[in-house]
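Heads up: the structure comes next, in structure tokens.
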Amino acid sequence: MRERMDRRQFVRTGGRIAAVAMIAPLSACDRALMGRGQDDPALPSHRAPRGPARDIEIVAEPAEVEIGPLGVFRRWTYGGHYPGPEIRLREGERLRARLVNRLPDPTTIHWHGVPVPNEADGVPGVTQEAVRPGDDFVYDFNARPAGSYIYHSHVGLQLDRGLHAPLIVEEATPHVEYDREHTVVIDDLLAGEPEMPDQDGRRGPGMMGRRGMMGRRGMMGMMGDETPDYLAFLINGRPPEDAPVLDVTEGERVRLRLMNPASATHFRVALGGHRMTVTHTDGRPVEPVEVDALEIGMGERYDVVVDANNPGIWTLAARGLGGNPSPARAILRYRGVNRSAPAGLPEGLGSGRLLRLTDLRSVETVGEPARAPDRILDLDLRREMMMQGRWTIGGQTWPDADPLPMSPGERVRVRMTNRSPHPHPMHLHGFFFRVGDALKETVVVPGHMGRIAFDFIADEPGDWFFHCHHLYHMESGMARVFSYI
Ligand SMILES: [Cu+2]
């Protein structure tokens, strides 16, 4: 395997220098061509959409969706599909997407990870009013930088009804060669309707009652994290009993775009018979690192490449961390192999080299050399018993929270301390941040006093949501907004 990588010139552009040279002119170009005058000339947006647009329509509507042997579910969907239809764009291409709301409730679309103009960010009550039933709304932005993204509803608990889909922005010149790609969407599936637990952690009968959760109920207000009792974990909308097939041919290098739009489940992902080489995190290219497994929090994406050099039928599996259902599965099937079912789950689910955050080294810069932060914010993540057990960031609970301050062009450092036992995948809208040597926009802050710091450059005006991507934590107040002061 090593030999093959060397022969094929794993990093095509030659790594850090070439990639930076590729990115920097684009950013300068943005500034020159996309800057537009606003009311306050000190706060120009660099992201006004320009160029010929690709127009699409996305209809949000309830639909009956068949999920293999689990039966037929009434889900909220984009265009009747769960997950929704994948959108593929070229880097820089302008997308004009008309959301048509045929749901019984108001909705929005958030383009998770894409640095869009603020008015296209899709956060109800922050960047737009939610689109009422029967109404529509146009999102207009240039899709850049290239990467693997997600689009999803940002209203209430709609994400857990199925309103999410992949958004792929293709590179003109990928930094790692590959012959074929598959998108892998990992999700948690409710048996019924999503609902917030009451203060004792109780949901309606049927969600929590049946599956042995009684013991946790009384403690939920104090200790629980509101994670529902999911019926199943799925890949690309299919249950383990009816796993989707990912075709490969021996000798190919296959890119897998792993995405976790699940509402409340962290996953550990591994592939039988192969190691995975991580090439991107949250869409951004990193120096390739080879692992047996990785953990992916809600809202995160990892792209990996796999050398198809071990013919057979193998399982790609995603085990829920802390969840009951059996691991989600997909089947990696080599052409011409006629064996039937693959043997068991990959060993990497329980052992082997696990990707660490410190393994991730960006091949890009953020557009300027590292410098000391202009502003440092220390934010505790915790439940506040004096606030009815709501989740807080920096002692405040959304929506009764002050804006978090930033100033134009500042380098803002956010230092988070997790004073709870639960990991929190924290997601910043509008900006990539630097965490360690990686660029990301979603990062998991481990439980039990886990500490994570990130820096971002506040170079775009607007109200930018910052929140936990555990849907039930967010709905219980775990969100703030960054705004220019
Ligand atoms: Cu959380």
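Things worth noting here:
- Filtered residues of region 374-403 (kept if within 12 Å of the ligand (Cβ to nearest atom) and open to solvent by less than 50 Å² (accessible area, probe 1.4 Å)): Leu381, Arg383, Trp391, Thr392, Ile393
- So Val306, is it touching a residue at least 40 places away in the same chain (Cβ under 8 Å), more than 17 Å from His182 (Cβ to Cβ) and among the hydrophobic types (A, V, I, L, M, F, W, C): no
- Which listed residue, of Met213, Met219, Met259, Met196, is under 26 Å from Pro446 (Cβ atoms) and modelled with pLDDT of 95 or more: Met259
- Exactly one residue out of Asp455, Asp437, Asp463 is at pLDDT below 95 and in the same structural domain as Arg383 (by TED's automatic domain parsing), and it is Asp437.
- For region 222-256, the candidate set comprises residues that are modelled with pLDDT of 90 or more and within 16 Å of the ligand (Cβ to nearest atom); within that set, the residue that is farthest from the chain's Cα centre (by Cα) is Pro228.
- Inter-residue pairs, beta-carbon under 8 Å, first in the same structural domain as Thr107 (by TED's automatic domain parsing) and in region 58-73, second assigned to a strand (DSSP E or B) and among the polar types (S, T, N, Q), 6+ apart: Ala60/Thr77; Ala60/Asn101; Ala60/Thr107; Glu61/Thr77; Pro62/Thr77; Ala63/Thr77; Val65/Thr77
- The residue that is farthest from Leu189 (Cα to Cα), counting only those in region 56-88 that are open to solvent by less than 20 Å² (accessible area, probe 1.4 Å) and of a type in the set (Gly, Ala, Ser), is Ala60.
- Filtered by the rule that a residue be at pLDDT 95 or above, small (Gly, Ala, Ser) and in a loop (DSSP other than H, G, I, E, B), region 277-317 gives Gly283, Gly297, Gly299, Ala308.
- Region 420-444, residues that are within 12 Å of the ligand (Cβ to nearest atom) and not β-branched (Val, Ile, Thr): Ser420, Pro421, His422, Pro423, His424, Pro425, Met426, His427
Conditions tested, residue by residue: (1) in contact (Cβ under 8 Å) with a residue 60 or more places away in the chain; (2) in a strand (DSSP E or B); (3) within 26 Å of Leu471 (Cβ to Cβ); (4) within 14 Å of the ligand (Cβ to nearest atom).
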residue: Gly352; (1), (2), (3), (4): yes, no, no, no
residue: Ala372; (1), (2), (3), (4): no, no, no, no
residue: Pro405; (1), (2), (3), (4): yes, yes, no, no
residue: Pro408; (1), (2), (3), (4): yes, no, no, no
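- Restricting region 264-276 to residues that are among the hydrophobic types (A, V, I, L, M, F, W, C) and in a strand (DSSP E or B) leaves a set whose member that is farthest from Arg253 (Cα to Cα) is Phe267.
- Filtering region 321-334 for residues that are open to solvent by 20 Å² or more (accessible area, probe 1.4 Å), in a loop (DSSP other than H, G, I, E, B) and within 27 Å of Arg434 (Cα to Cα) leaves a non-empty set.
- Test: residue in region 355-366 that is touching a residue at least 12 places away in the same chain (Cβ under 8 Å), touching a strand residue (DSSP E or B) at 6+ places or on another chain (Cβ under 6 Å) and part of a strand (DSSP E or B): yes
- Selection over region 448-479 of residues that are touching a strand residue (DSSP E or B) at 6+ places or on another chain (Cβ under 6 Å) and within 13 Å of the ligand (Cβ to nearest atom) gives a count of 12.
- Of everything listed in (1) β-branched (Val, Ile, Thr); (2) open to solvent by less than 20 Å² (accessible area, probe 1.4 Å); (3) within 12 Å of the ligand (Cβ to nearest atom), the single unmet condition for Thr417 is (3).
- His154 passes every criterion in (1) crowded, with 24+ Cβ neighbours inside 10 Å; (2) assigned to a strand (DSSP E or B) apart from (2).
- Test result for Tyr178, within 28 Å of Leu439 (Cα to Cα) and open to solvent by 10 Å² or more (accessible area, probe 1.4 Å): yes
The values are calculated or read from the model by the stated rules, or taken from the named source; none is laboratory data. Keep in mind the model is a prediction, meaning the values are calculated, not measured. Neighbour counts run over all protein chains shown; Cβ positions are idealised from the backbone, glycine included. Calculation scope for accessible area: heavy atoms of the full protein, side chains included, ligands and nucleic acids excluded. Shrake-Rupley method; radii C 1.70, N 1.55, O 1.52, S 1.80 Å.
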